Amino acid sequence: MSSDDAPKRFLTNEEVQKILDDAKASTVRAKKAQDDAQQAMKNIEQAAEARQQAHDKIQECVARHSSFDEKWEEFRRKFDDLSKLAVERLSGAMGVGAGLPNLRSAEVITEHRLAQILHKSKNVVVLTGAGISAESGIPTFRGSDGYWTVGSENYRPQELATWEKYDEMPEELWKWYQYRWGVCRSAKPNAGHYALAELEKLLGENFRLVTQNIDALHIQAGSDPERICEIHGRLEHMRCDERVPGACLHGLNLNDASNFEAAWATIDKTPQPNADESMEKLPCCKRCGVRQRPKILWFDECYNEALYKQKTVSEDVANCDVLLVVGTQLTTGLPSSMVQAARKTGAIIVRLDALLDLEDHKFQGMLHLQGKSGEILPRVLQQLQELRKEALPAPLDLEQSWSKALPQTPSIPAMATKTPGAKPAKSRSSLKTAGALSVAAGSPSAAIKQQKTKLSPVIPPASKSKAALPGTAFGFFVYGTLRPDDDSGAAWTKDFQEGMEAEVATLEGASLYVDGNFPALCLERTACAVRGMLLTPKNQDTGLTAKLEEADRIEGYPENYDRSIRLITTGSGKTVPAYVYQKQADLTEGSAFA
């Protein structure tokens, strides 16, 4: 019997009904999943508000156990993990990523490199934390500065820094803050404070200082009080408590510019601490009679523009190309958001701290200097001042270029016409300066920025860079789309890397500029250096010739870029001759910065 003759079986009514019921159930489940996803998105804002409340309540409970530190750190870790997981799941449900680039590993840099970053920057934002104040003798808020005793109870500083606790026992908390104000009054600015004040004078309107510290030491050191953003307030000031009914500012929106004058009018000088703590009295506002409070931000409060310049800080970070972080672990809200905003715009983030943990995920994509700010910042400032004596742009170092003297590689035919796929040719006079790119962390494609820097009339020093003898190169010095970690999407990057070994390297006497969408290197009489990578073929006998032909095609040599052999310094300290592709056209003064 053929298959066509086989008796046909029809579904029973029960089977048909089951199929229909299953389909209906699947539809109901799909509709419920869709509704749940929509509700989850609506709950995000509520969850963000509830997070701070949960943070404070759990902190208070955990603090009363003997193992406060261990339990608190464990809670914070788990809470952060949960928050990160929630964001990832929500982003996945919406079909988008977290909005941040893939970050490079944290990297330690030299003081001279930081000076060069500042030299080539357009807008600099500096964020300082407790670390710089600790060098002046002020205990860090999260350090081992002990308990504060009220009656028979011992409290950690983290427990006391809330409005809820202040409202519970205002007289006792006022005594504590007066004690802290006394500690700050006896401290003096250190060399790091003075160096930042000098940096502000050097960079002028292109500089913004943001501090988490409430000790006013930056102002004592000479920083402009009108331009500094004290995002956590200042103990030197007090104001009436606007959260108490009847207060001057009760119910006012402190992010509304029309209320700023009223907010500033409530600020008074904090009285000097009484030598006898028991004589401390909680002052009241002269205008409304409501109790005063320190002009500082507590853990259960939100940033605002009137008192803490939140909007100003956010705008400055969005427009900066360098964010220098000094002495902070980035554990509070606004500082953390500053780093995230800088990452999104491709700004260079440099962190200076005595404590260095390159494995901490929140420090990925940053450049790091380890040490005391009072020692490092004055040296960086001195090196920056020397760099600023150079002309910008620096004169080309034509004398040491071997591009004209190099014999044509035998296996490579001379290129009389423009090579397909090569970078577009531009004269150096049409380039934009991209000096910051040479030291950028994070996305190279996002880090290429146009700079605007005033020219200096001082004649620059002779270049420290050295040219190697022709024909002795062992590899390639790459600084843009040929780097193994390039993420610009250039089609040739992956193929060129095949069969090559990579090592971090530096070329002295050079700067980077923007040539359309690509970085372009120029050999100059400058103390600046370009950081890139040395790529060496695993097979030196045959690999170098083939890779040279490929690099010439990509770079458009000799029509678009010149080629020379230069001595570069690797991360391991070796000096190696390598091929370098550079622009060598004349540049009229100032045209690169137009």
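The values are calculated or read from the model by the stated rules, or taken from the named source; none is laboratory data. Given the structure is predicted, the values throughout are model-derived calculations rather than measurements. A quick note on method: Cβ atoms are made from the backbone with ideal geometry, for glycine too, and the neighbour counts reach across all protein chains shown. Side chains included, ligands, DNA and RNA excluded: accessible areas come from the protein's heavy atoms. Shrake-Rupley method; radii C 1.70, N 1.55, O 1.52, S 1.80 Å.
Tabulated results
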{"read-out": "Lone qualifier among 472, 506 - being polar (S, T, N, Q), open to solvent by 20 Å² or more (accessible area, probe 1.4 Å) and part of a strand (DSSP E or B)", "value": "506"}
{"read-out": "Residue match in the range 561-572 (condition: open to solvent by 60 Å² or more (accessible area, probe 1.4 Å), within 29 Å of residue 367 (Cβ to Cβ), of a type in the set (Ser, Thr, Tyr) and free of Cβ contacts under 8 Å to residues at least 40 places away in the same chain)", "value": "no"}
{"read-out": "Subset tally (residues that are of a type outside the set (Lys, Arg) and under 17 Å from residue 125 (Cα atoms)) for the range 223-251", "value": "9"}
{"read-out": "Boolean, residue 181 is at pLDDT below 90, on the phi < 0 side of the Ramachandran plot, open to solvent by 10 Å² or more (accessible area, probe 1.4 Å) and among the hydrophobic types (A, V, I, L, M, F, W, C)", "value": "no"}
{"read-out": "Selection from the range 238-267 of residues that are open to solvent by less than 40 Å² (accessible area, probe 1.4 Å), touching a residue at least 40 places away in the same chain (Cβ under 8 Å), part of a loop (DSSP other than H, G, I, E, B) and among the polar types (S, T, N, Q)", "value": "none"}
{"read-out": "Which listed residue, of 222, 131, 137, 143, is on the phi > 0 side of the Ramachandran plot, at pLDDT below 95 and open to solvent by 10 Å² or more (accessible area, probe 1.4 Å)", "value": "137"}
{"read-out": "Answer from 379, 388, 351 - the residue that is basic (Lys, Arg) and under 9 Å from the mean Cα position of the chain (by Cα)", "value": "351"}
{"read-out": "Contacts under 7 angstrom Cβ, first residue in the range 474-498 being closer than 18 Å to residue 531 by Cα, partner basic (Lys, Arg) and surrounded by fewer than 18 Cβ atoms within 10 Å (Cβ to Cβ), 6 or more apart", "value": "485/104"}
{"read-out": "Qualifying residue in the range 211-223 (condition: more than 24 Å from the chain's Cα centre (by Cα), of a type in the set (A, V, I, L, M, F, W, C), more than 22 Å from residue 317 (Cβ to Cβ) and in a strand (DSSP E or B))", "value": "no"}
{"read-out": "Scan of the range 530-544 for residues that are touching a residue at least 12 places away in the same chain (Cβ under 8 Å) and either farther than 17 Å from residue 583 by Cβ or more than 25 Å from the chain's Cα centre (by Cα) (or both), ordered by number", "value": "531, 533, 534, 535, 536, 537, 538, 539, 540, 543, 544"}
{"read-out": "Top-ranked residue of the range 152-168 - restricted to ones that are free of Cβ contacts under 8 Å to residues at least 60 places away in the same chain and surrounded by fewer than 17 Cβ atoms within 10 Å (Cβ to Cβ), ranked as farthest from the chain's Cα centre (by Cα)", "value": "152"}
{"read-out": "Subset of the range 196-208 that is surrounded by 22 or more Cβ atoms within 10 Å (Cβ to Cβ) and of a type in the set (A, V, I, L, M, F, W, C) - its residue that is farthest from the chain's Cα centre (by Cα)", "value": "196"}
{"read-out": "Residues located in the range 276-302, provided they are touching a Ser or Thr at 6+ places or on another chain (Cβ under 6 Å) and within 20 Å of residue 215 (Cβ to Cβ)", "value": "298, 299"}
